[in-house]
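Working notes, structure below.
The values are calculated or read from the model by the stated rules, or taken from the named source; none is laboratory data. This one's a predicted model, so the numbers in the text were calculated from it and none came from an experiment. So basically every Cβ, Gly included, is an ideal-geometry build from the backbone, and we count neighbours across all protein chains shown. With ligands, DNA and RNA removed, areas are computed over all heavy atoms of the protein, side chains included. Shrake-Rupley method; radii C 1.70, N 1.55, O 1.52, S 1.80 Å.
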Amino acid sequence: MKQCLQCNKEFQIFDEDREFYRKMDVPEPTLCPQCRDMRRWASGNDLTLYKAACDLCTKEMISMYRPNSPYTVYCNTCWWSDKWDPLSFGADYDFPRPFFDQFRDLQLRVPRMAASVFNCENSPYVNNCGDMKSCYMCTSCGFCEDSYHLIWGEQNKDCADAFRAARNELCYELINTDGSYRSGWLYQCGGMNDAYFCYDCRNCTKCIFSTNLRNKTLHIFNKPVSEQEYRAFIDTLKSAERVKEYRKTWRAVMQKAMHKFADLQNCENVVGDHVRSSVNSFAVFDSDMCENVRYASRMLSGSKDSMDISSYGYGCDASYEGYGLGGGVNSCFFTRQCFRGCAEVFYSDLCSDSHDLFGSICLRNVSFCILNKKYTEQEYRTLKEKIVAHMRETGEYGEYFPGSLSPFGYNESTAMLYYPLSKEEALQRGYSWNDNMPETKGKETIQWSAVPDRIDESDESITSQILACEKCERNYKIIKQEWRLLKKLGLPLPRRCPLCRHAERIGLRNPAQFWHCRCMCEKNEHDHAGRCPIQFETTYAPDRPELVYCETCYQKEVI
């Protein structure tokens with residue numbers, strides 16, 4: 001067991017971990033898996049966007065960097081253009097100085113991309129997105145249309161307020177849900193139609209407050225009902241006050257449901273949660289098609305032989321300690337947002353289509369560079385070996401970028417969603433903090449008491465008003481497209497701001513850590529006498545109230 005240098009908790013390094021570190025020639029980590037994950041997420045900003053001016057063309061743009069940040073920031077058109085050369089910022093390596101100090105100097109000189117967006121149409125307020133059309137405040141999404149306030153969404157149309165949702169249409173408030181139509185408040189569901197407030201249901205139609213159902217129609221609280229009873233309930237969804245109570249009921253219904261120890265589908269020898277079609281992987285979350293991957297989240301489409309990667313991961317191979325890697329990267333170490341075929345890249349940031357880079361920023365289609373300076377292949381390899389030896393002496397090699405090198409304050413970063421900290425806690429851990437977040441309070445132009453309770457009694461004029469969140473009192477607005485979608489679905493206006501709604505959805509999910517537990521099933525007809533003896537690793541803590549079953553007992557109970 002080792003003691004984490006960040007949180008002081010003990011954590012285990014397994015033999016499989018040590019074999020990976022030996023193979024990749026990196027030292028053992030000094031932080032526990034959760035603190036390592038926090039550090040990576042703190043280097044990205046998904047949801048905090050600002051209006052700013054491009055430092056090259058001076059046009060107004062939407063940027064993930066606050067206007068008074070110390071960085072040079074270009075709009076995406078300028079950043080991808082040939083109007084500037086990233087190699088012009090190259091610097092010689094200064095051996096007496098720590099590497100991270102020199103990297104910080106380079107950070108402050110090289111222009112950064114305002115927002116990470118690709119092939120997006122009429123979607124200025126999105127980040128880390130590709131192939132989006134007419135979307136607003138979405139992050140880490142792709143191929144969505146007319147959708148709003150999504151995180152980790154793919155191929156959704158006319159959807160709003162969702163976390164990890166794919167191939168849905170006309171849906172609202174989804175968590176880990178796919179292939180559903182005209183539904184709302186679904187958690188871990190698939191193939192649902194006209195369904196509301198359900199958990200762990202598949203291929204069901206016109207079901208409400210139901211759990212663990214398969215291929216059912218017209219059920220409320222898991223009991224058959226008439227079409228008339230169903231329609232009577234649907235009419236009540238137009239009321240904000242009724243929906244507020246329904247949300248409480250939904251939580252209670254989910255708590256009493258049967259829970260499988262982990263959401264693993266078509267997996268072999270996998271310890272994780274919300275994982276599909278993967279093999280031989282450990283501590284993996286929200287991922288698909290992984291092989292030999294450990295301590296990672298959001299790894300997709302053929303990632304393998306990698307460890308400690310947070311986010312993206314399309315075709316990520318033989319890589320370690322990275323954030324936002326993807327697009328067929330190979331052998332990338334301690335990097336963030338390097339993509340599109342990068343290979344043999346170390347301690348670099350925002351590079352693409354390049355190989356053999358060390359400590360470089362925003363390079364494209366180049367190779368054999370250190371601190372953005374070009375070398376011959378032999379010069380590069382010789383100097384790289386000396387730098388690695390130097391970093392081993394200073395204790396820097398093997399560590400991901402420290403919190404002090406994040407371009408964002410902790411409260412701006414994505415880490416604040418998954419690992420919320422107070423200002424004092426963030427500063428104590430070495431992160432910075434933004435005291436001027438883009439938010440207002442007390443500027444509302446209308447009180448909720450003056451807003452109709454039912455959506456069918458409101459009109460589009462509400463989109464010109466400034467509202468106040470019922471929980472945090474932060475001001476926010478409903479955009480016209482969002483109002484029209486809610487009107488079409490017959491659902492009430494949200495009384496909480498987008499950030500509080502995101503936090504609530506994430507709060508319903510289990511943490512990204514494990515406990516060793518035993519199946520809670522005590523039914524003798526499940527081929528065991530008394531309590532089931534099967535044990536497993538699960539994201540449900542032992543003191544949680546949910547009834548957690550092993551795979552076998554769960555399958556025998558699903559209706």
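Charged neighbours of CYS351, selected by a Cβ distance under 15 Å, balance to +1 (K, R count +1; D, E count -1).
Solvent exposure of the chain, expressed per residue, is 42 Å² of accessible area, with all protein chains present and a 1.4 angstrom probe. Placing R0 at 30 angstrom, the Cβ-Cβ distance between LYS488 and GLU241 gives a FRET efficiency of 0.90 after rounding to 0.05. Alpha carbon centre of segment 304-341 versus segment 377-454: separation in Å? Centre-to-centre (Cα) distance: 19 Å. Taking θ as phi - 60° and the Karplus parameters 6.51, -1.76 and 1.60, the scalar couplings of segment 265-277 work out to 10, 6, 10, 9, 6, 10, 10, x, 8, 6, 10, 10, 6 Hz in sequence order, x denoting glycine and proline. Multiplying the residue separation of THR552 and LYS157 by 0.36 nm and removing their Cα-Cα distance gives an extension gain of 138.6 nm.
Which of the pairs LYS244/LYS487; LYS59/LYS83; LYS2/LYS386 have their Cα atoms more than 20 Å apart in this structure? Listed pairs above 20 Å: LYS2/LYS386.
Amide H contacts of GLU154 (H built 1.01 Å from N, in plane; Pro and chain starts excluded): GLY142, ALA165, ALA166, ARG167 sit under 5 Å, all sequence-distant by 5 or more or on other chains. Near ASN222, once Lys and Arg are set to +1 and Asp and Glu to -1 for all other residues with Cβ below 11 Å from its Cβ, the sum equals +3. Positive contributions from Lys and Arg (+1) and negative ones from Asp and Glu (-1), summed over other residues with Cβ under 13 Å from the Cβ of ARG112, come out at +1.
The distance separating the Cα centre of segment 502-540 from that of segment 84-125 comes to 45 Å. In summary, the aspartates and glutamates within cross-link reach of LYS373, defined as a Cα separation below 19 angstrom excluding same-chain residues under 8 places away, comprise ASP82, ASP85, ASP92, ASP94, ASP101, ASP105, GLU344, ASP349, ASP353, ASP356, GLU385. To put it simply, the accessible area of segment 463-513 at a 1.4 Å probe is 49 percent carbon and sulfur. For segment 363-469, the spread of Cα positions along the three principal axes, ordered from largest to smallest, is 72, 36, 21 Å. Checking every one of the trypsin sites (Lys or Arg not before Pro) in segment 6-48 against DSSP loop status and a limit of 16 other Cβ atoms within 10 Å picks out LYS9.
Rg of the Cα atoms in segment 423-484, relative to 2.2 N^0.38 Å, amounts to 1.54. For the listed residue pairs LYS238/LYS477; LYS51/LYS248; LYS133/LYS488; LYS157/LYS216, the alpha carbons are over 29 angstrom apart in LYS51/LYS248. Calculate for the chain the 222 nm mean residue ellipticity that helices alone would give, adding -39,500 (n - 2.57) per DSSP H run of length 4 or more and normalising by residue count, nearest 500 deg cm²/dmol. About -6000 deg cm²/dmol. For segment 171-179, 3J(HN,Hα) computed residue by residue from phi via the Karplus equation (6.51, -1.76, 1.60; θ = phi - 60°) reads 10, 9, 6, 10, 9, 6, 10, 9, x Hz, glycine and proline entered as x. When the chymotrypsin sites (Phe, Trp or Tyr not before Pro) in segment 213-281 are filtered for DSSP coil states and for at most 16 other beta-carbon atoms within 10 Å of their beta-carbon, the remaining sites are PHE221.
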